[in-house]
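Single-structure report; data block below.
The values are calculated or read from the model by the stated rules, or taken from the named source; none is laboratory data. Remember, it's a predicted structure, so these values are computed and weren't measured experimentally. Cβ: placed from backbone, ideal geometry, glycine included. Neighbour counts: every protein chain shown. Ligands, DNA and RNA are stripped out before the accessible areas are found, and what is left, the full protein with its side chains, is counted by its heavy atoms. Shrake-Rupley method; radii C 1.70, N 1.55, O 1.52, S 1.80 Å.
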Amino acid sequence: MADWTPSDASKPQDGSQPAPQPQAVTLGLDITLEQAKMLVDAGAHVVDARAREEFEAGHIDNAFWLPANLFYEGKAQDALNFMDPSRRIVIYCGGGACDASHNTAKMLQENGFKLTHVLTDGYPAWAAAKYPTATGKPFYEN
């Protein structure tokens with residue numbers, strides 16, 4: 001588990017006094033929708049572990065498409081070249097019984113990306129909350 005504090009926690013709220021320091025939040029591998037939104041807003045990478053057709057039909061805005069099978073096929077480097085291993089990563093799939101996000105988390109961890117978190121309720125919860133989404137191919141593909 002890793003502690004996380006918002007990066008702007010010490011910025012003054014009204015310009016005159018520092019904001020109170022929030023308690024560090026301990027995050028495990030599995031995180032809630034609210035925790036995922038907080039991490040994404042703070043600049044975490046987002047990884048979609050679903051099938052390409054699902055990704056192109058709708059995904060979290062600026063997400064990388066990186067299902068675990070791309071690692072086995074030697075095709076993960078397209079996405080990994082754009083990712084910073086020192087940043088947190090929020091990984092999702094279809095939620096519920098879907099284990100694709102956990103499989104991708106394991107592969108990312110084995111490739112040096114240690115700050116991984118899985119949005120347990122997946123893309124359906126993100127979309128239902130009306131958080132930013134997009135459609136089409138990954139942004140790093142031509």
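Taking 17 Å as the straight-line reach from the Cα of LYS137, the aspartates and glutamates in range (excluding those fewer than 8 positions away in the same chain) are ASP48, GLU53, GLU54, GLU56, ASP61, ASP78.
For HIS59, the shell of other residues with beta-carbons less than 14 Å away shows a net charge of -3, using +1 for Lys and Arg and -1 for Asp and Glu.
Within the shell of other residues whose beta carbon sits under 13 angstrom from the beta carbon of GLY136, the net charge comes to -4, with Lys and Arg scored +1 and Asp and Glu -1. Rolling a 1.4 Å probe across the protein heavy atoms gives the range 64-142 an accessible surface of 52 Å² per residue. Straightening the chain between THR135 and ASN62 buys 25.3 nm, computed as 0.36 nm per residue apart minus the Cα-Cα spacing. Surface composition of the range 41-142: carbon and sulfur atoms hold 48% of the protein heavy-atom accessible area at a 1.4 Å probe.
For a straight C-alpha distance cut-off of 23 angstrom, the lysines reachable from LYS106 (same-chain residues fewer than eight places away being disregarded) are LYS37, LYS75, LYS114. Summing charges over neighbours of GLY122, with a neighbour being any other residue whose Cβ is under 10 Å away from its Cβ, gives -1 when K and R count +1 and D and E count -1.
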